[in-house]
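**Student:** Pasting in a structure now, in structure tokens, and then I'll have a few things to ask.
The values are calculated or read from the model by the stated rules, or taken from the named source; none is laboratory data. Keep in mind the model is a prediction, meaning the values are calculated, not measured. Cβ sites come from the backbone with ideal geometry, for glycine too, and all protein chains shown count toward neighbours. These accessible areas exclude ligands, DNA and RNA; they are computed on the full protein's heavy atoms, side chains included. Shrake-Rupley method; radii C 1.70, N 1.55, O 1.52, S 1.80 Å.
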Amino acid sequence: PNVVFVTVDIDSDLPKSTKFLQLKDYTFPVYSAIGAEKLYNNGIPTTLVIDKKGSIVFSHFNRANYSSDQFEKFIDGLAKQP
């Protein structure tokens, strides 16, 4: 309950992003965010983890496997912060 995932289309092609998610059978929504490109500088895909204070505490460019024990512990630790 203390973790929220948000998928954001940053290349101004929401239909393309939506189609990609559908092809992968992902069921979460994708949002369009004008100005979101200011949050990254390497390209897409980019993963950002933002803590409860609004600070970027993790940034990764390109594909990645986030199912590792280490990353899960990292997210759990953030979720437990006040």
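**Student:** So in the range 50-64, with the set limited to residues that are part of a loop (DSSP other than H, G, I, E, B) and farther than 15 Å from Val4 by Cα, which one is least open to solvent (accessible area, probe 1.4 Å)? Reasoning before the result, please.
**Tutor:** To start, the set of residues in the range 50-64 that are part of a loop (DSSP other than H, G, I, E, B) comprises 51-55, 62-64.
After this cut, where a residue has to be farther than 15 Å from Val4 by Cα as well, the list is 62-64.
Working: Asn62: 81, Arg63: 206, Ala64: 53 Å².
The selected residue is Ala64.
**Student:** Kindly list the number of the only condition in (1) touching a Phe, Trp or Tyr at 6+ places or on another chain (Cβ under 9 Å); (2) not in a helix (DSSP H, G or I) that fails for Phe71.
**Tutor:** (2)
**Student:** Scan the range 33-49 residue by residue and report those that are outside any loop (DSSP other than H, G, I, E, B) and either within 27 Å of Gly77 (Cα to Cα) or without any contact (Cβ under 8 Å) to a residue 24 or more places away in the chain (or both).
**Tutor:** Residues satisfying the conditions are Ala36, Lys38, Leu39, Thr46, Thr47, Leu48, Val49.
**Student:** Just one of the numbered conditions (1) assigned to a helix (DSSP H, G or I); (2) among the aliphatic types (A, V, I, L, M); (3) in contact with a Phe, Trp or Tyr (Cβ under 6 Å, 6 or more places away or on another chain) is not true of Leu21; which one?
**Tutor:** (3)
**Student:** Select from the range 15-32 the residues that are surrounded by 13 or more Cβ atoms within 10 Å (Cβ to Cβ) and of a type outside the set (Ser, Thr, Tyr) and write down the one among them that is farthest from Glu72 (Cα to Cα).
**Tutor:** Checked the range 15-32; the qualifying residue farthest from Glu72 (Cα to Cα) is Phe20.
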